[in-house]
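Working notes, structure below.
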Amino acid sequence: MVNFEDVASNVIEVSLDLKRGERVWIHGWDHTIELVSQLAWKCKDLGCDVMLTIQPEDFWMRCIMEAPLKSIERVPIHQAAALRETDVYIFTLGPRSPIPWERIPKERCKAVSVYLDRRYDRTKFAEEWAEIVIKRKVRMLAIEATFATPERAKALGLNYEELKDVMFAGCTADYREVKRRGKGLASLLSGKERVHLTTPGGTDIRFTLDQRPVEIGDGLATEEKAEKGIVTFLPAGGVEVSAYESSAEGTIVYDVPVRVEGGPIVGLTLQVRDGRVVEFTARKGREIFERYLKQGKGDVDRFAFIDFGLNPHLRHGYTQDDKVLGGVTVGFGDNESKGGKNRADGQDWWASMTKSTVSIGDTLIMRDGVLLI
């Protein structure tokens, strides 16, 4: 069962390392009131000034559909003023229901801001928000676990209670330990070695690292991230790096079902040559991946990155597969935000596998899904 007090304690004491006297703005969706109330009290009890705001889903949708476009593209003056006086900004992700993108006019879709992080959110609103945050060095933390709602679980074909328990359990991981393991992996992934990945399920692929920047999803909202406008998302836990895109050769078998709206993809197998998907099969949901390839633009079929999960409290099958300790994720498509060369209009595809054995150069770093570092 979810204990929001434990979640709030880990967020405030570990991920944010909040200090007495800091000014905190907490912004939540209407379905997250219980959680944001716990967060607010933890901050207040620590001796911090707290501002708590709530976003009703109905009002947000009506603004997206009917309000003047300019009013949703910019940060309102009074919100900007509040942000300039804020040290820490905590927000929950939503809304409760999946966003009905097909109902939103195309010219308005580009104005819908969700993540506030310019790596993923390319709206004018997020750009203006980031300018203030970077100048003020606001530490930002987003709780992605609040995507676990009955409505979203139904759309993904998942049990709501199980999804909720797994997502929030992931928020209580020891992120200091996650960081320690992540730094060890990052040093091995930052060179130009050849990587060999195999699994009992049939994966056998090789590719070459290219001294790309390594991203550690350690769940810690630091001042260094604030200086770049980077949001810390919870649950967290992974090390990710793009690689030499055309170097990938071999077979990839995703033994973990890929959960997407429209149904799961089971047993997806990719044949890769010169970094491109040249053939693919699946026991179920093949048409979903085929649609991704046909409707995508640019390098949607091109090898992009590898990710090692580091969160011991997460489980495969609950939307956070790339962060599960012992899991390995391989992605395709746009990797510009990861320092890569693929361009696919922001579109990408990734999925995970278990029981992997991985070597980097002459160093064995994982055997049967167990990290050796």
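The values are calculated or read from the model by the stated rules, or taken from the named source; none is laboratory data. What you are looking at is a predicted structure, and each value in this text was computed from that prediction instead of being measured. Cβ sites come from the backbone with ideal geometry, for glycine too, and all protein chains shown count toward neighbours.
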Please work out if M61 is in a helix (DSSP H, G or I), surrounded by 14 or more Cβ atoms within 10 Å (Cβ to Cβ) and at pLDDT 95 or above.
-> yes
Out of (1) farther than 21 Å from W25 by Cα; (2) under 26 Å from the mean Cα position of the chain (by Cα); (3) of a type outside the set (S, T, Y), the one K70 does not meet is (2)
Of the conditions (1) surrounded by fewer than 19 Cβ atoms within 10 Å (Cβ to Cβ); (2) part of a helix (DSSP H, G or I); (3) charged (D, E, K, R), R119 fails just one. Which one is it?
-> (2)
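So which of M167, M140 ends up being touching a helix residue (DSSP H, G or I) at 6+ places or on another chain (Cβ under 6 Å) and surrounded by 15 or more Cβ atoms within 10 Å (Cβ to Cβ)? Lay out the reasoning, then the answer.
Working: M140 fails: touching a helix residue (DSSP H, G or I) at 6+ places or on another chain (Cβ under 6 Å).
Result: M167 is the single residue among M167, M140 that is touching a helix residue (DSSP H, G or I) at 6+ places or on another chain (Cβ under 6 Å) and surrounded by 15 or more Cβ atoms within 10 Å (Cβ to Cβ).
Hey, can you tell me all the residues within the range 3-29 that are of a type in the set (D, E, K, R) and surrounded by fewer than 17 Cβ atoms within 10 Å (Cβ to Cβ)?
E5, D6, E13, D17, K19, R20, R23
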Those residues that are touching a Lys or Arg at 6+ places or on another chain (Cβ under 8 Å), more than 23 Å from C43 (Cβ to Cβ), without any contact (Cβ under 8 Å) to a residue 60 or more places away in the chain and among the charged types (D, E, K, R), I need them from the range 66-109; list them, please.
-> E73, R74
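Residue by residue, here is whether (1) surrounded by 21 or more Cβ atoms within 10 Å (Cβ to Cβ); (2) under 21 Å from R118 (Cα atoms); (3) not assigned by TED's automatic domain parsing to the domain that holds K164 holds:
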site: R302; (1), (2), (3): yes, no, yes
site: F305; (1), (2), (3): yes, yes, yes
site: G331; (1), (2), (3): yes, yes, yes
site: G361; (1), (2), (3): no, no, yes
Residue identified as hydroxyl-bearing (S, T, Y) and within 23 Å of D121 (Cβ to Cβ) among T329, T363 = T329
Name the residues in the range 45-67 that are among the charged types (D, E, K, R) and over 25 Å from the mean Cα position of the chain (by Cα), would you?
-> D45, D49, D58, R62, E66
Does D299 qualify as being acidic (D, E), in a loop (DSSP other than H, G, I, E, B) and modelled with pLDDT of 95 or more?
-> yes
Neighbours by Cβ (under 6 Å, 6+ apart or cross-chain): first from the range 189-217, free of Cβ contacts under 8 Å to residues at least 40 places away in the same chain and in the same structural domain as S359 (by TED's automatic domain parsing); second part of a strand (DSSP E or B) and of a type in the set (K, R) = T208/R194
Residue hits (the range 84-104; assigned to a loop (DSSP other than H, G, I, E, B) and hydrophobic (A, V, I, L, M, F, W, C)) are L93, I99, I104
The one condition G317 fails out of (1) surrounded by fewer than 22 Cβ atoms within 10 Å (Cβ to Cβ); (2) small (G, A, S); (3) modelled with pLDDT of 95 or more is (3)
Tally of residues being closer than 23 Å to T319 by Cβ and part of a helix (DSSP H, G or I) across the range 180-215 = 3
Residue in the range 236-268 that is surrounded by the most Cβ atoms within 10 Å (Cβ to Cβ), counting only those that are touching a residue at least 60 places away in the same chain (Cβ under 8 Å) and part of a loop (DSSP other than H, G, I, E, B) = G237
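Just checking, does the range 38-56 include any residue being in a helix (DSSP H, G or I), free of Cβ contacts under 8 Å to residues at least 24 places away in the same chain and either surrounded by fewer than 18 Cβ atoms within 10 Å (Cβ to Cβ) or not assigned by TED's automatic domain parsing to the domain that holds K124 (or both)?
yes
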Residue ID - surrounded by the most Cβ atoms within 10 Å (Cβ to Cβ), chosen from residues in the range 280-300 that are within 15 Å of F332 (Cα to Cα) and in contact with a helix residue (DSSP H, G or I) (Cβ under 9 Å, 6 or more places away or on another chain) = D299
